[in-house]
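These notes concern the structure reproduced below.
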Amino acid sequence: MKKIALPLCFGLAAAHAHVVHAASSVDVYGLLDAALVQENGGIGKISKLASGVSAGSRLGLRGTEDIGNGLQAVFTLEAGLLTDTGGSDQAGQLFGRQAFVGIKSPLGMLTVGRQYNLQSQALTDVADPFEGGMAGASTNIAGYSATRIDNTVRYTSPEWRGLTAIAMFGAGEHSGLAADQRSLGLSLGYVHGPLTVRLARQSRGGEPGKANVNNTILAGNYNFGLATAFAGYGSNTGEGSSMFFAENPYGAPVAPTVSTDSRDALVGVAVPLGATTLLASFIHKDDRNAANRDAQQLAIGASYALSKRSKIYVAYAHIRNRNGAAYMVGNATEVGSGNRALNIGLRHAF
């Protein structure tokens, strides 16, 4: 990450000049990720070079300005990149990963714009040893709602005795459908030494005549020194609360239907061995609908730190679908094409 200091000085060029300093800074940062990916178990076998496998490739700007009275103006603009082609991710949006501006004070931070879903953050940041990336990404089968939400207002409280609370509201902005796509997110996190726990819920209005979509998760991890243990339990209700592929990826005689009521249980571990970190996780999706389309994902992986900012990695995951379920092994930015995948990649942050 490169920091560009922008001191702002205003004054009068006189014998008794009065100079006012307003401290300001802008950070330029980014991450480039590319991997060889092999996917099996779908309609066909696919081998390819892919971008954003362990984490989405990006280029970003973030900055702060001291505006006095203990207040700071803050902003972030983050664009998703495709390392394999040089194109834009997030369907070509200029700053599709994040775009927000706000005010930070001793009472907390208020930001507005395109920001992360609180349930998704708890799942990938706290419960998942793969951090939502590589073939072992928890998002392959665990509770699904959009990773980012547009038109949001988000408040983050100051930390108090290890506790941090977040509340977020997203305006649907659909003319004539006041409740459609409106969203509300709540999160409460606790950090104490090696323990991290977070409870998060993200809700949004359903389509006209349909129930709201709700995703809730209790996530935690504990660093024992020799290894870090991860766990999570989630509840998903409403149409769109779980991953669904309308294109029938496995060519089943009867196309799969969307799950509107499911539970997710996740356990995982990360074991550091010098510059190497071993990863493993198991996820069970319990479909509570009559079709009982359960699924289980088992994933293993390893990363090797070449430096503080660069690493190579390998990961493999297998999903066992039941009763016509159609979940696929993807990664941080792709949904995949089959129930098995192998990744071998390189990641560099700056």
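Below, the figures for the structure above:
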read-out: Among 50, 98, 170 - extreme Cα towards positive end, dipole of the chain, charges at beta-carbon; value: 50
read-out: Assigned charges on the beta-carbon of Lys, Arg, Asp, Glu; the chain dipole about Cα centre (debye); value: 460 debye
read-out: Residues whose placed amide H lies under 5 Å from that of residue 181, excluding near-sequence neighbours; value: 205, 206
read-out: Top positive-direction residue, dipole computed over region 82-144 with Cβ charges, set 119, 108, 139; value: 108
read-out: Student exercise, region 32-190 dipole from Lys, Arg, Asp, Glu Cβ charges, in Debye to nearest 20; value: 100 debye
read-out: Simple Cβ-charge dipole of region 218-289, Lys/Arg +1 and Asp/Glu -1, about Cα centre, in debye nearest 20; value: 220 debye
read-out: Region 220-321: radius of gyration and largest Cα-Cα distance (Dmax), Å; value: 17.2, 50
read-out: Lys/Arg +1, Asp/Glu -1 at C-beta; region 286-343 dipole; positive extreme among 289, 321, 306; value: 306
read-out: Centre separation in Å (Cα based) which lies between region 183-260 and region 33-64; value: 22 Å
read-out: Accessible solvent surface per residue of the chain, calculated while the other protein chains remain in place, 1.4 angstrom probe, Å²; value: 50 Å²
read-out: Peptides ranked, highest mean first, by Cβ atoms within 10 Å: ranges 321-332, 34-45; value: 321-332, 34-45
read-out: Highest-first arrangement of 198-205, 264-271, where packing means the average Cβ count within 10 Å; value: 198-205, 264-271
read-out: Ratio Rg/Rh [Cα only; Rh per Kirkwood] for the chain; value: 1.01
read-out: Contact order relative to length of the chain, as percent, for alpha carbon pairs under 8 angstrom and 6 or more apart; value: 16 percent
read-out: Relative contact order [Cα under 8 Å, 6+ residues apart], region 253-343, whole percent; value: 21 percent
read-out: Solvent-accessible area, 1.4 Å probe, carbon plus sulfur percent, for the chain; value: 62 percent
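The values are calculated or read from the model by the stated rules, or taken from the named source; none is laboratory data. Just so we're clear, the structure is a prediction, and the values are computed from it rather than from any experiment. Every residue, glycine as well, gets a Cβ built from its backbone with ideal geometry; the counts of neighbours run over all protein chains shown. Heads up: the accessible areas ignore ligands, DNA and RNA and are worked out on the full protein's heavy atoms, side chains in. Shrake-Rupley method; radii C 1.70, N 1.55, O 1.52, S 1.80 Å.
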